[in-house]
Amino acid sequence: MKKKINIDQETIVFLYKKNKNYILPVLIIFVCIFLFFQVIIPQINNLFELQKQAKVEQVKLETLRKNLTSLTNLDPSVLESQYKIATAVFPVNKDFAGIIGAISVAAGKSGLLVGDYDFSVGDVSKPQTDVKKFPFLKISVNLSGDIKNASGFISELYKTAPLSEVVSLSSSTNSISLTINFYYKTIPPINFKEEIPLQALSVDSRKNLDDIAKWSNLSFFDAFSSPPASSSGTANLIPF
């Protein structure tokens, strides 16, 4: 059975007088412990976080300096030339004039005459949203000549911008019919990030551009702004 303990006022006064010298130090200790956990430790954690952020910002600053150096060392005329070559081979949209120009150049070099042509252009009002794939514009073209000339035409076409692929060929007496896919490539959105360094063109990429610059029609690519007067054509709005 538990005994009931009675603490009267005199006992409390006695205990206070006996331990009063320890009360203030104990309170100070508790306050210090409270401040240590509630103030000091969070401040230390904040200091570590600030140090991490400072390192990240230092890396960004160094990357920006390198990017600035790279951009400063670029030759604008060379960059513009490389851009024109790349967009001639892979136009940013459906380049009808460039396609007709490529066919005319290849036909002229192989001794063929261009007849009728028929585009399947798809939905021209719908923007190209999937920039990861290589869309193409399909064209059916009739040429006057023999099969030997057609072989030369294909060889020349593969060295002519825009980039193309012959997917079917049929021939009859002095007449060649081909279906050709001409590829284009939408430029993706540019999402600049400070922490990512700019990548210069590799040696292989520059060599490829130099080789492409020697293609048949690249030096006068802009000359073909309209179809040849001797040709006739129709455009079918058929999705492909």
*Estimate the FRET efficiency between Leu50 and Ala213 by the formula 1/(1 + (r/R0)^6), using the beta-carbon distance for r and 51 Å for R0, to the nearest 0.05.*
0.50
*asked:* Can you order the peptides 50-61, 161-172 by their average number of other Cβ atoms within 10 Å per residue, highest first?
replied: 161-172, 50-61
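Note down the net charge around Pro197, summing +1 for each Lys or Arg and -1 for each Asp or Glu among other residues with Cβ under 12 Å from its Cβ. Intermediate results must be reported in sequence, preceding the final value.
Details: positive: Lys60, Arg65, Lys66, Lys193; negative: Glu62, Glu194, Glu195.
Every neighbour counted, the sum reads +1.
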*Would you tally the net charge around Leu64, using a Cβ to Cβ cut-off of less than 12 Å, leaving Leu64 out, and scoring K and R as +1, D and E as -1?*
0
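Values quoted throughout were computed directly from the atomic coordinates according to the rules given, and no laboratory measurement underlies them. The structure presented is a predicted model; accordingly, all values stated were derived computationally and were not measured. We place every Cβ from the backbone using ideal geometry, glycine too, and count neighbours over all the protein chains shown.
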